[in-house]
Amino acid sequence: MNPAIELRDVTKRFATPTGGVYTALRDLNLTVASGEFVAVIGPTGSGKSTTLGLISGLEPPSAGEVFIDGRPVDGVAQGIGYMFQTDAVFPWKTVLGNVAAGPRYHGASNGDARARARDWIARVGLAGFEDRYPHQLSGGMRKRVAMAQSLINGPAILLMDEPFSSLDVQTRSLMEDELLSLWASTSASVVFVTHDLEEAIALADRVVVLTAGPATIKGNYVVDLPRPRNVSEIRFEPRFGQIYREIWNDLRDEVLVSYERSRRPD
């Protein structure tokens, strides 16, 4: 079987405002199996979000190739859900209108879209809030709306770019557990970008460590913790601490490289 996602020798360069060229990724190779949950972690500026942009087709590679289910990505890929760090909700639409927008865009009738939206609103724990607007919701509730938006169309691939980083610790743990519960009922492949190593280990089947930019993959770590997982409780497992130390030994060096670079004068 083809992997759900494959990046082959991918390099991504950007033009800088001064007329130079910045290389975000260099010779990056990554595969994600169907139904696998992969967390991508690395220092600031290591190309984590750029990697998601390449998978989605929002950004073309400067060199190398990106494949979804064995087919090369050429433009915005179909069957992908994308959850951003900032809430991608329509402020003028209600919760129901926001969640129904995806099915409507894909051709569903208004009645069908609203029925499916009500189902997903209930799944993410927002039943009774269908007529609220985003400004009337807490941060955690808006994230639940965004999660329903991302999952309602049954994406084969779910890309998540630090989706919970703005939440308080308690709400964040609840949302992480909610994500795992919803994901378990799908066959989606997930690529989850985070700066938080504990979050990466608690959620993922595998953690990929990127080097300081130009980024490539420094390490792949299988997270052999049992599922289903409770995010708050899994951190107390002895094996969790062992995995953390192993990955941190790799990640720490890249964080230090990135930090030293940031202190250099231009």
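The values are calculated or read from the model by the stated rules, or taken from the named source; none is laboratory data. Note that this is a predicted model, so its numbers are computed, not measured. Glycine gets a Cβ as well: all are built from the backbone with ideal geometry, and neighbour counts include every protein chain shown. Protein only, heavy atoms only, side chains kept; ligands, DNA and RNA dropped before computing areas. Shrake-Rupley method; radii C 1.70, N 1.55, O 1.52, S 1.80 Å.
Annotations
- Any hit, segment 11-31, residues being open to solvent by 40 Å² or more (accessible area, probe 1.4 Å), of a type outside the set (A, V, I, L, M), assigned to a helix (DSSP H, G or I) and at negative phi: no
- Number of the condition not met by ASP196 [criteria: (1) open to solvent by 40 Å² or more (accessible area, probe 1.4 Å); (2) over 13 Å from the mean Cα position of the chain (by Cα); (3) not hydroxyl-bearing (Ser, Thr, Tyr)]: (2)
- Tally of residues being within 22 Å of ALA212 (Cα to Cα) and either modelled with pLDDT under 90 or in contact with a Leu (Cβ under 9 Å, 6 or more places away or on another chain) (or both) across segment 60-79: 6
- Enumeration of residues in segment 150-166 that are surrounded by fewer than 18 Cβ atoms within 10 Å (Cβ to Cβ) and farther than 14 Å from ILE80 by Cβ: SER165, SER166
- One residue alone among VAL145, VAL169 is over 21 Å from ALA39 (Cα atoms) and either open to solvent by less than 30 Å² (accessible area, probe 1.4 Å) or modelled with pLDDT under 90 (or both), and that residue is VAL145.
- Tally of residues being under 18 Å from the mean Cα position of the chain (by Cα), open to solvent by less than 20 Å² (accessible area, probe 1.4 Å) and modelled with pLDDT of 95 or more across segment 210-256: 1
- Total residues in segment 61-92 satisfying the condition of being open to solvent by 80 Å² or more (accessible area, probe 1.4 Å), within 22 Å of ASN2 (Cα to Cα) and of a type outside the set (S, T, N, Q): the figure is 5.
- Cβ-Cβ under 6 Å pairs, at least 6 apart or on other chains, segment 130-149 side more than 11 Å from VAL89 (Cβ to Cβ), far side outside any loop (DSSP other than H, G, I, E, B) and polar (S, T, N, Q): GLY140/THR171
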